[in-house]
1. How big is the dipole moment of segment 175-214 about its Cα centre under a simple scheme where the beta carbon of each Lys and Arg is +1, that of each Asp and Glu is -1, and everything else is neutral? Debye, nearest 20, please.
2. Please give, to one decimal in nm, the separation of the simple spin-label points placed at S144 and W205, each 7 Å out from Cα toward the Cβ.
3. Sort 438-449, 291-302, 308-319, 69-80 for me by packing, meaning the mean count of neighbouring Cβ atoms within 10 Å per residue, highest on top.
4. Could you state the principal axis extents of the C-alpha atoms in segment 471-511, from the largest down, to the nearest angstrom?
5. Which aspartates and glutamates does K475 reach when only Cα atoms under 12 Å apart count, and residues fewer than 8 places away in its own chain are ignored?
6. Based on Cβ point charges of +1 for Lys and Arg and -1 for Asp and Glu, what charge dipole magnitude is obtained for segment 89-129 about its Cα centre, in debye rounded to the nearest 20?
7. Rounded to whole Å and sorted largest first, list the principal axis extents of the Cα atoms in segment 234-326.
8. What do you get for Rg/Rh over segment 273-312 if you use C-alpha atoms and the Kirkwood form of Rh?
Amino acid sequence: MVSSLRLPSLTSLFSSPYLRRPPPLLRCPHHHHKLSLPPSLTTAFSSQTTSASTTENPKKQTNQDQKVITPRSQDFNAWYVDIIANAELADYGPVRGTMVIRPYGYAIWEAIQDYLNAKFKETGHSNMYFPQFIPFSFIEKEASHVEGFSPELALVTIGGGKELEEKLVVRPTSETIVNHMFTQWIHSYRDLPLMVNQWANVTRWEMRTKPFVRTLEFLWQEGHTAHADPEEAEKEALQMIDVYTKFAYEQAAIPVIAGRKSKAETFAGADRTYTIEAMMGDRKALQAGTSHNLGQNFSRAFGTQFMDENGERQHVWQTSWAVSTRFIGGIIMTHGDDSGLMLPPKIAPIQVEMSHSVKFVVTLFCGCNISAQPRGVVAVFSLLMSACMKVVIVPIWKKEDEKTGVLNAASSVKKVLQSAGIKVKLDDTDQRTPGWKFNFWEMKGVPMRIEIGPRDVSSASVVISRRDIPGKQGKVFGISMEPSILEAYVKDKLDEIQSSLLGRATSFRDSNIVDVSSYDELKAAITLGKWARGPWSASDADEQRVKEETGATIRCFPFEQPQGTKTCLMTGSPAEEVAIFAKSY
């Protein structure tokens, strides 16, 4: 099954020399503390990169380095790679095109898993696991499937020091092995519907790669279902693309457009493919998830049949659907800015960062920042426990005689939180300033920071800063520490941030979609980097012509269609629906 990675060839953007550049230092604009970030993405993700790489001194970076994160407007691809390195989301693996997902990046994937897992189970699906190695003969059984995947297959030919009798395919998708097993499990209409999902890794031998967006190996979930009739299968395929759509809007704050793929863009082996398409910050389209109505193509190839209520043998009707770690790349490219990540609160590993300018900082894996004297922190934390899942405690002191008291208080807070079932990290390093730490969590996209200074403690209030509104405009003073007031305020503001990010992304998307009525208008829109939306009933050959001449493809025929008569922008013939064209990842 092709979820979100069977896309047209990537452009030269991915061969940028910046892919070979070590990530820069980040200098905090507000606190004037340079942030020395971890060692870097120094190896190109793609072996296709032919341009000369930027060379820099590999020695340990010092405070004398004055580098900053590449601005988005200057080089979007370099900015993207810098963010992944500096926010500690991922690093390059030793094999070309592979990626090591670091804990913070994996925590975002876990948030995606948690939401989708619950939705899958609510809709009647069960988790299971299929083998990673698939006999090559399985792939060959479905003609269009093998044709579509052959260039991307990774094969195992030797095992245990001996040549294998049959080559094994390292899982590129699982339709074939799923059908092999379904054939053994399904016998009667009473065995249907059969609905399963697996969380797994897949391997596709990509020539041009980009972290999270396109890698040789990636993580995903893939659902597979079998049904007794075509109507039930179609309902399932539409239901699952709706699950993905709601996740994108409600959790990731990404305003995707859901629709049907053209015949040329349909998954190899499917009758119909449904997709969600997202507009990234550089206005390219990202296919963020797909759901396929497979019809009876695989069941006929594998002989997956059942006895119906009339005693007759029938082939099952099937679906498959998937979302991958590509979604993390989509979140970065939709919401991030020149300061780093900007994570929607509902999927942020840290929602609240809590910090203090003098005594210590407590950083919550949710996004606020509160700091207070030791006796005030436990009270503040207790009221936020219901809103947060993980906590990072960062003690800060100015004088040595303050150190013991601060660390003791921080340890006490940690114990209180751990006893409440909250995961806690104590950041007790004394090698970084408060400003550096504030900036570090801003780089990681923490949605909210709560600050408390001596005056705040005396007035029993806090200062709250929002990640989505930079500078003084996003800072509010004098929020009461009284538990019920602060808890209500923090929850309300996190909801506001979630809504703000979705609204901002929606406005950006809508302002960059152009309605066109002719091929010339389509070409002009694509030249400007826009998405073009117009009536379409032309042939596959015409669709290929658009791709060759503009670099854009039909992203989808949206489910939401305008009313009224339509005329095809290419042929002038009547058209029943509009299509969206865009360049894509």
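Read the figures in this text as sums done on the coordinates, not as results from a lab. Please read all numbers here as calculations on a predicted model, not as lab measurements. Cβ placement follows ideal geometry from the backbone for every residue including glycine, while neighbour counts extend to all protein chains displayed.
1. 280
2. 2.5
3. Highest-to-lowest ranking by the protection proxy: 438-449, 291-302, 69-80, 308-319.
4. Sorted largest first, the three principal extents are 42, 21, 6 Å.
5. Partners within reach: E451.
6. 120
7. 55, 27, 20
8. Rg/Rh: 1.36.
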